[in-house]
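Take a look at the following structure, please.
Any read-out appearing in this document is the output of simple, stated calculations on the displayed coordinates, not a laboratory observation. Just so it is clear, the model here is predicted, and its values are computed rather than measured. Every residue, glycine among them, receives a Cβ derived from its backbone with ideal geometry; neighbour counts consider all protein chains shown.
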Amino acid sequence: MAKILVIDDSPTMLSGTSKILTSAGYDVVQAVNGEEGIAKAGSENPDLILMDVVMPDLNGFQATRTITSADTTKHIPVIMLTTKDAETDKVWAQRQGASDYIVKPPSAKELLSKIDNLL
């Protein structure tokens, strides 16, 4: 069973996304901000990360750059899951190391399809 780390400061999004993932058979680990997400990426060694962008202190772009550049976590694909839908945000996410980009709220079908493509 693949393990997915969901990093989001919204309890509603964490709950909804986790429900979709657990229903599909994934093991889910949660983090409520970028710093906790970076720590859990290292300690939990997930198979994939879903990363919000707009979070206090350390945003998702910064956290993604840290995760995708560290030797111990750079192998983990990161999908940005955010309300930011500008093309410049998508390009910036790729430059930070993100593997894919989904605009919130995702349908379960879209979310699981993008995850399946990377696992």
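Take the alpha-carbon centre of the stretch 86-112, take the same for the stretch 1-72, and report the distance between them in whole Å.
Between the Cα centres of the stretch 86-112 and the stretch 1-72 lies a distance of 14 Å.
Can you pull out the trypsin sites (Lys or Arg not before Pro) in the stretch 33-88 that DSSP calls coil and that have at most 15 other Cβ atoms within 10 Å? Don't jump to the answer; show the numbers that get you there.
Details: sites: 40, 65, 74, 84; in loops: 74, 84.
Those satisfying the criteria are 74.
Sticking with this structure for a sec: Expected output is a single nm value to one decimal: the length gained when fully extending between residue 22 and residue 43, i.e. 0.36 nm times separation in residues minus the C-alpha distance. What is it?
Numbers: separation 21, 0.36 × 21 = 7.56 nm, distance 2.04 nm.
Extra length available between residue 22 and residue 43 comes to 5.5 nm.
Turning to a different aspect of this structure: Hull surface divided by four, with the convex hull built on the Cα atoms of the chain: how many nm²?
Details: hull surface 25.0 nm².
The number I arrive at for the chain is 6.3 nm².
I'd like the FRET efficiency for residue 57 and residue 87, computed as 1/(1 + (r/R0)^6) with the beta carbon distance as r and R0 of 25 Å, rounded to 0.05.
Numbers: r = 26 Å, r/R0 = 1.05.
Between residue 57 and residue 87 the formula returns 0.45.
Another question, if that's okay. For the chain, compute the number of Lys pairs whose alpha carbons are separated by less than 16 Å, excluding pairs fewer than 8 positions apart on the same chain.
The result is 11.
While we're here: Using a Gaussian network for the chain with springs between C-alpha atoms less than 10 Å apart, which of these wobbles most: 108, 93, 41?
Residue with maximal mean-square fluctuation among 108, 93, 41: 108.
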